[in-house]
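Visitor: Supplied in structure tokens, the structure appears directly below.
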Amino acid sequence: MTPTIMRQLWSVVETTQARTLLQLDDASLVQWLVKQTKKQVLLDCQETDFLCSYIQSRLSLIRDLAEERQYS
């Protein structure tokens, strides 16, 4: 995964309302984040698969960040 893709993903996470990130189940959140990232960066199939795996491995962090923002 390129640094550009990673930056774009985390930008999406940071700009999305916390409630949205917290109310989706895991599979829906992964797909939603991939879709939002694809709106900004062109991804081939391999990059999309890697992005899905990366997001899946970071779901706890993403939800923790969203919870922190929600109560700040």
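Visitor: So in the stretch 7-31, with the set limited to residues that are without any contact (Cβ under 8 Å) to a residue 40 or more places away in the chain and under 15 Å from residue 57 (Cα atoms), which one is surrounded by the fewest Cβ atoms within 10 Å (Cβ to Cβ)?
Guide: Looking at the filtered set, the residue picked out is 25.
Visitor: Follow-up question, since we're still on this one. In the stretch 39-52, what residues are closer than 24 Å to residue 18 by Cβ and not aliphatic (A, V, I, L, M)? Break it down into steps so the answer makes sense when it comes.
Guide: So the first thing to find is which residues in the stretch 39-52 are closer than 24 Å to residue 18 by Cβ, and the list is 39-41, 51-52.
Result: 39, 40, 52.
Visitor: May I ask you to verify whether residue 69 is modelled with pLDDT under 95 and either surrounded by 15 or more Cβ atoms within 10 Å (Cβ to Cβ) or in a helix (DSSP H, G or I) (or both)? Spell out how you get there, then give the answer.
Guide: Numbers: modelled with pLDDT under 95: yes; either surrounded by 15 or more Cβ atoms within 10 Å (Cβ to Cβ) or in a helix (DSSP H, G or I) (or both): yes.
In short, yes.
Visitor: Say we look at the stretch 34-68 and pick out the residues that are of a type in the set (Ser, Thr, Tyr) and free of Cβ contacts under 8 Å to residues at least 24 places away in the same chain; which of these is nearest to residue 8 (Cα to Cα)? First the steps, then the outcome.
Guide: Taking the stretch 34-68 as the starting set, the residues that turn out to be of a type in the set (Ser, Thr, Tyr) are 37, 48, 53-54, 57, 60.
If we keep only those that are free of Cβ contacts under 8 Å to residues at least 24 places away in the same chain as well, we get 48, 53, 57, 60.
Working: 48: 13, 53: 16, 57: 17, 60: 19 Å.
Per the criteria, the residue is 48.
Visitor: Is it true that residue 40 is assigned to a loop (DSSP other than H, G, I, E, B) and of a type outside the set (Lys, Arg)? Can you show your working first?
Guide: On the way: assigned to a loop (DSSP other than H, G, I, E, B): yes; of a type outside the set (Lys, Arg): yes.
So residue 40 passes the test.
The values are calculated or read from the model by the stated rules, or taken from the named source; none is laboratory data. These numbers come from a predicted model, not from an experiment. Here the Cβ is made from the backbone with ideal geometry for all residues, glycine too, and neighbour counts use every protein chain on show.
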